[in-house]
Amino acid sequence: MFDVLVYLYENYWRPDACPDHEQLSKKLTAVGFESEEIADALTWLDGLASVAESYVANQHDLSVRVYLPNEQDHLGTASISFLSFLESAGVLPPSMREIVVDRAMALDGGPVPLEDLKIIVLMVFWSLGEEPDALILDELFVDAEDRLIH
């Protein structure tokens, strides 16, 4: 599913630039994606669109997020730490964080791998038509072991 999401991010500027589900499914199949992962990705994107419609940008920036035990188990320490990092860096406001948490909780299994959470964050920015900061894009795309230390 995440390969499909990355493909959509790389090939469409915004969700409204994507064709309808039927055409998009045909395109994704032609590119080589399996029908099950296409269906999973489109269902997940429908959920993202639904949550993004209720996006409320005026939540208080100094609010503190307390994760419920089931959220802690499902998200895992690495993902929660990464969300805290993005918030403290000032690039993920509380309202967007809640969309990320909602979409991560919609996944089966757990804990959510950090690489999957990074794609979720990217897709939330994409769904809202916002461009993440260049340094955050680097954080989302480049593996830690591939970074050059100067």
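The values are calculated or read from the model by the stated rules, or taken from the named source; none is laboratory data. Keep in mind the model is a prediction, meaning the values are calculated, not measured. Quick reminder, even Gly has a Cβ in these numbers, built from the backbone with ideal geometry, and neighbours come from all protein chains shown. For accessibility, only protein heavy atoms count, side chains too; no ligands or nucleic acids. Shrake-Rupley method; radii C 1.70, N 1.55, O 1.52, S 1.80 Å.
A few notes on this one:
- Using the Cβ-Cβ distance between residue 73 and residue 128 with R0 = 30 Å, the FRET efficiency computed as 1/(1 + (r/R0)^6) comes to roughly 0.60.
- In region 88-135, one over the average inverse separation of all distinct C-alpha pairs is 11.3 Å, which is the Kirkwood hydrodynamic radius.
- Accessible area per residue for region 20-124 is 54 Å², calculated with a 1.4 Å probe on protein heavy atoms, without ligands, DNA or RNA.
- Cut-off 14 Å between beta-carbons: net charge of the residues surrounding residue 18, Lys and Arg +1, Asp and Glu -1: -2
- Put a dot 7 Å past the Cα of residue 13, heading toward its Cβ, do the same for residue 95, and the two dots end up 2.3 nm apart.
- Averaged over residues, the count of other Cβ atoms within 10 Å places the peptides 66-72, 127-133, 98-104, 111-117 in the sequence 98-104, 111-117, 127-133, 66-72, highest first.
- Taking 0.36 nm per residue of separation and subtracting the Cα-Cα distance, full extension of the segment from residue 63 to residue 43 would add 4.1 nm.
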